1. What is the sum of charges, Lys and Arg at +1 and Asp and Glu at -1, for the other residues whose Cβ falls under 14 Å from the Cβ of residue 53?
2. Per residue of the chain, what 222 nm ellipticity follows from adding -39500 (n - 2.57) for every DSSP H run with n ≥ 4, rounded to the nearest 500?
3. With a 1.4 Å probe and all protein chains kept in place, how do 92, 35 rank by accessible area, largest first?
4. For the chain, what is the relative contact order in percent, using Cα pairs closer than 8 Å and at least 6 residues apart in sequence?
5. So, for the chain, what is the accessible surface per residue at a probe of 1.4 Å, expressed in square angstrom?
6. Quickly work out the residue 175-to-residue 65 label distance, labels modelled 7 Å from Cα along the C-beta direction, and quote it in nm with one decimal.
7. Is there a quick way to get the dipole size of the stretch 53-200? I mean about its Cα centre, with the Cβ of Lys and Arg at +1 and of Asp and Glu at -1; what is the value in debye to the nearest 20?
8. Solvent-accessible area of residue 41, probe 1.4 Å, all protein chains present, reported in Å² to the nearest ten, please.
Amino acid sequence: GSQDVIERLSVKQSLRSIRESDVTVLLLDAAMGPTKQDFRIAEECQKHGCACVIAINKWDIFPENTYEDQLDYREALLESMRNISWSKVVFTSALENSSRKKVIRAVESCLVEYNKRLPTSLLNTIVQEAVAWNSPPSSSTKYGKIYYCTQASVRPPSFVFFVNHPDLFDDQYTKYMENQLRKNAGFEGTPLRIFWRGKD
């Protein structure tokens, strides 16, 4: 029906806007949770490397909810939206005048992370500690070794790891290294890009 057409056009417009934006705000209804269209928009955010704020609207329809409930909701939401599980989540209410300010503050915070550049010394300390906890992958004939890492760019923050055998470094180790960077240096609300390069 006409509702479907409107929905399709609005998603098309959203996808076009994401390609041109630094930060996307994904507005979700607290009772409904993410829809099929929200997952499409999330995919586009990941693909185009823009920062993301997820604003949970109408949180006040659950007046008895505690702060713990908020944390549980956030965790379940990010688990379901894995490709943007790094997003910054804010809870808003249509009745609160402060909601708009809350979203704007979250966008500003994401922009800072999106443009963040780590000093090389801090970056390599994080990498050395990560490697000490979890050695690089190996095969029956070769073992992975990381020589050093550098941050190649921002918007989004992108890191190049110089290694002996790039083919050994799989998605699992890439995810591990991303988690270590986030744990030690923040980056909430922004995607990270990681590249494995041979030295020559």
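1. Cβ neighbours under 14 Å give a net charge of +1.
2. Details: 6 runs with 91 residues, N = 200.
Calculated from helices alone, the mean residue ellipticity at 222 nm is -15000 deg cm²/dmol.
3. Working: 92 10, 35 45 Å².
I get 35, 92, largest accessible area first.
4. Working: 294 pairs, mean separation 40.8, N = 200.
Relative contact order comes out at 20 percent.
5. Values: 11610 Å² over 200 residues.
Per residue, the chain has 58 Å² of solvent-accessible surface.
6. 2.7 nm
7. Working: 19 positive and 17 negative charges, 143 e Å.
About 680 debye.
8. Per-residue accessible area (residue 41): approximately 20 Å².
The values are calculated or read from the model by the stated rules, or taken from the named source; none is laboratory data. Not measured: the values here are computed from a predicted model. Here Cβ is always computed from backbone atoms with ideal geometry, including for glycine, and neighbour counts include all displayed protein chains. Ligands, DNA and RNA are stripped out before the accessible areas are found, and what is left, the full protein with its side chains, is counted by its heavy atoms. Shrake-Rupley method; radii C 1.70, N 1.55, O 1.52, S 1.80 Å.
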